[in-house]
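Encoded as structure tokens, the structure appears first; notes follow it.
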Amino acid sequence: MKCRDFFRNAAVLMMALMIFAPVAGAAERKNVLWIYLEDVSGWFSCYGETLIKTPNIDELAAGGIRLDRFYTPAGVCSATRSAIVTGMMQTSIGAHHHRSGRASFRGQDLGPGFDDIRLPKGVSTLPEIFRAAGYWTFNEGGKDDYNFKHDTGKMYDFIPKGRGIAPASLVSGDCWKGRKKDQPFFGQVQLKGGKLGRNAKKKIDRSKVSVPPYYPDTALVREEIAHHYDCLLKTDEQVGAVVKALKRDGLYENTVIFLFSDHGYKLHRHKQYLYEGGIHMPCTVSGPGIPSGKVRDDLVSGIDVSAASLAVAGIAIPEKMEGRNFLAKGYKKREYLVAARDRCDYTYERIRAVVTPRFKYLRNYLTDRPFMNPSYKDPWPVSKEMRRLMAEGKMNKTQLIFFGDKKPAEELYDLANDPHEIHNLAGNQQFAAELERHRKILSGWIETTGDQGQVVESNAGLLAAMKRWGDKCVNPEYDRVRADYRKWKASLPAKPAKPAPAKKPASGGKKKKAA
């Protein structure tokens with residue numbers, strides 16, 4: 001071998017070792033834990049809430065960074081989770097429709113014609129990237145809810161089963177027991193948050209909650225708001241238990257913790273929508289290498305959590321990933337971010353939001369229907385009450401912005417002076433330049449990212465939704481597959497008739513006294 005060939009080959013070998021070798025020794029690599037809150041609006045005391053105290057979440061915020069302008073990619077779980085677990089906007093990977101890409105739904109086989117959504121080439125889930133880098137991965141709470149084909153066996157080393165409500169398995173230490181010595185972990189613990197239901201004890205005085213101006217002030221509305229506070233108190237206890245378990249097992253000092261919510265709480269105008277209550281969420285980052293007591297007011301997207309998580313672990317961020325490492329030195333702050341609303345369950349919608357440091361622009365594409373489009377919330381007592389008040393003319397002008405029968409094509413809000421988003425500036429000539437600027441941002445983003453939600457989903461997707469939801473699919477988008485749906489429904493085997501309940505024998509005479 002010639003001398004120059006030897007040195008050339010040696011240089012190639014050294015470069016390969018530099019690329020594929022861990023950044024630090026195994027014992028020094030940081031653990032990464034996501035405390036993933038479900039349906040949680042950030043009414044924590046560290047964010048200025050005064051009605052309740054959340055000491056455990058406050059402690060994480062004080063020991064690290066509190067993000068004041070963190071926005072999720074969507075206002076609903078599956079779209080947000082699909083985006084965050086890949087670091088890609090759900091509209092970029094075709095995972096934007098809620099509960100799409102499922103071969104079965106709640107035990108029902110949808111047949112070969114379902115919308116089989118696959119991740120684009122070069123896009124992987126974060127757990128798979130961490131596993132390839134030698135990390136132990138787990139997911140307690142088990143919630144994936146991804147709108148694309150995925151294999152949990154390839155994503156996670158450990159998913160606890162039968163241990164009750166999270167974080168039971170993490171608190172017991174089971175989530176990391178199977179690791180090799182000094183093997184770092186990437187874990188997710190899914191806390192029920194706003195879905196705790198009866199697991200959250202009634203503690204908050206319903207008369208003391210604050211009702212936003214866009215809701216009617218009724219007992220049912222107050223009950224929903226107060227119950228969410230009850231859920232937050234329980235969630236804070238669970239966060240404290242997670243931290244305590246990490247400290248007990250000697251893992252806390254080497255674990256970077258990202259605590260964040262997937263979207264806002266369940267009440268109307270929040271969950272599923274792109275107003276502040278739906279996508280402006282809490283997020284704290286704490287742990288080794290993270291400065292303590294820092295508050296940031298720059299815009300951070302949920303997809304940025306993925307890039308930052310890889311970075312703190314010393315893992316290269318994939319070239320295709322749209323998320324940004326907001327923890328990097330010399331990080332250039334976002335000038336804007338985008339969130340998207342598409343079909344949720346059977347309710348067809350298409351809304352895009354552009355958030356800039358001061359303003360929010362919303363583009364409502366389907367103006368032929370109101371915001372209160374038929375949805376899964378309709379059977380709720382509070383929903384029926386709102387529709388009744390609307391029909392009886394008992395809602396004021398502010399409340400009718402959302403609950404009325406009209407929807408504007410565009411909305412522009414000055415978030416600095418109008419945090420409730422009730423004064424639409426889209427028709428105000430004083431803000432015409434801002435309106436045009438935000439229009440251009442959105443159109444440029446749509447073109448650059450290839451927003452796949454700009455067209456109605458495939459027939460397979462529409463038909464799969466109809467198979468899931470049946471006659472609840474009243475929106476006109478379903479018209480092109482209604483005949484196919486009726487044909488499929490007619491082909492199903494007839495369900496056996498339920499036997500009539502046995503008649504109780506008529507009792508004669510006087511009843512005998514109990515012994």
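Numerical summary
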quantity: The lone exception for residue 322 - which of (1) part of a loop (DSSP other than H, G, I, E, B); (2) out of contact with any helix residue (DSSP H, G or I) (no Cβ under 6 Å at 6 or more places or on another chain) it fails; calculated: (2)
quantity: Close pairs from the stretch 290-313: first at positive phi, partner at pLDDT 95 or above and of a type outside the set (A, V, I, L, M), Cβ under 9 Å, at least 6 apart; calculated: 293/63; 293/64; 293/66
quantity: Residue in the stretch 205-222 that is farthest from residue 269 (Cα to Cα), counting only those that are among the β-branched types (Val, Ile, Thr) and buried (at least 17 other Cβ atoms within 10 Å of the Cβ); calculated: 209
quantity: Residues within the stretch 118-147 that are closer than 26 Å to residue 348 by Cβ and surrounded by 23 or more Cβ atoms within 10 Å (Cβ to Cβ), tallied; calculated: 2
quantity: Yes/no for residue 262 being out of contact with any Phe, Trp or Tyr (no Cβ under 6 Å at 6 or more places or on another chain), among the charged types (D, E, K, R) and loosely packed, with under 15 Cβ neighbours inside 10 Å; calculated: no
quantity: Among (1) outside any helix (DSSP H, G or I); (2) charged (D, E, K, R); (3) more than 25 Å from the chain's Cα centre (by Cα) - the single one residue 434 does not satisfy; calculated: (1)
quantity: Selected residue [part of a loop (DSSP other than H, G, I, E, B) and modelled with pLDDT of 95 or more] from 290, 303; calculated: 290
quantity: Candidates 414, 451 - the one that is acidic (Asp, Glu), in contact with a Lys or Arg (Cβ under 7 Å, 6 or more places away or on another chain) and at pLDDT 95 or above; calculated: 414
quantity: Flag if residue 440 is touching a Pro at 6+ places or on another chain (Cβ under 6 Å) and within 17 Å of residue 351 (Cα to Cα); calculated: no
quantity: Given (1) in contact with a helix residue (DSSP H, G or I) (Cβ under 6 Å, 6 or more places away or on another chain); (2) of a type in the set (Val, Ile, Thr); (3) farther than 30 Å from residue 489 by Cα, number of the condition residue 456 does not satisfy; calculated: (3)
quantity: The stretch 220-249 residues that are over 30 Å from residue 381 (Cα atoms), paired with ones that are among the charged types (D, E, K, R) and surrounded by 21 or more Cβ atoms within 10 Å (Cβ to Cβ) (beta carbon under 8 Å, 6 or more apart); calculated: none
quantity: Inter-residue pairs, beta-carbon under 7 Å, first touching a residue at least 60 places away in the same chain (Cβ under 8 Å) and in the stretch 382-398, second of a type in the set (Phe, Trp, Tyr) and surrounded by 15 or more Cβ atoms within 10 Å (Cβ to Cβ), 6+ apart; calculated: 386/403; 395/403; 398/214
quantity: Hits in the stretch 357-374 - residues which are in contact with an Asp or Glu (Cβ under 7 Å, 6 or more places away or on another chain) and surrounded by fewer than 18 Cβ atoms within 10 Å (Cβ to Cβ); calculated: 358, 366, 370, 373
quantity: Per-region count, the stretch 107-122, residues of a type outside the set (Gly, Ala, Ser) and free of Cβ contacts under 8 Å to residues at least 12 places away in the same chain; calculated: 3
quantity: Subset of the stretch 399-429 (residues that are part of a helix (DSSP H, G or I), within 16 Å of residue 274 (Cβ to Cβ) and of a type outside the set (A, V, I, L, M)); calculated: 402
quantity: Scope the stretch 163-202; condition assigned to a loop (DSSP other than H, G, I, E, B) and over 20 Å from residue 38 (Cα atoms); matching residues; calculated: 173, 177, 178, 179, 180, 181, 182, 183, 184
quantity: Qualifying residue in the stretch 443-458 (condition: within 22 Å of the chain's Cα centre (by Cα), over 23 Å from residue 148 (Cα atoms) and in a helix (DSSP H, G or I)); calculated: no
quantity: Entirely in the stretch 3-122, the helices (runs of 4 or more DSSP H) that have 1 or more residues that are at pLDDT below 95 and either within 28 Å of residue 292 (Cα to Cα) or not assigned by TED's automatic domain parsing to the domain that holds residue 263 (or both); calculated: 3-20
quantity: The listed residue being of a type in the set (A, V, I, L, M, F, W, C), part of a helix (DSSP H, G or I), more than 35 Å from the chain's Cα centre (by Cα) and modelled with pLDDT under 95, out of 502, 490, 464, 515; calculated: 490
quantity: In the stretch 204-245, the residues that are within 18 Å of residue 41 (Cα to Cα) and in a loop (DSSP other than H, G, I, E, B); calculated: 204, 209, 210, 211, 212, 213, 214, 215
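Conditions tested, residue by residue: (1) modelled with pLDDT of 95 or more; (2) within 23 Å of the chain's Cα centre (by Cα).
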{"site": "156", "(1), (2)": "yes, yes"}
{"site": "170", "(1), (2)": "yes, yes"}
{"site": "178", "(1), (2)": "no, no"}
{"site": "198", "(1), (2)": "no, yes"}
{"site": "208", "(1), (2)": "yes, no"}
{"site": "213", "(1), (2)": "yes, no"}
{"site": "216", "(1), (2)": "yes, no"}
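Rundown of residues vs (1) touching a Phe, Trp or Tyr at 6+ places or on another chain (Cβ under 6 Å); (2) of a type in the set (Asp, Glu); (3) not assigned by TED's automatic domain parsing to the domain that holds residue 355, yes/no style:
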| site | (1), (2), (3) |
| --- | --- |
| 441 | yes, no, no |
| 453 | no, no, no |
| 468 | yes, no, no |
| 471 | no, yes, no |
| 474 | no, no, no |
| 479 | no, yes, no |
| 485 | no, no, no |
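The values are calculated or read from the model by the stated rules, or taken from the named source; none is laboratory data. Every value quoted in this text rests on a predicted model; they were computed, and no experiment measured them. Note that each Cβ is placed from the backbone with ideal geometry, even for glycine, and that neighbours are counted across all protein chains shown.
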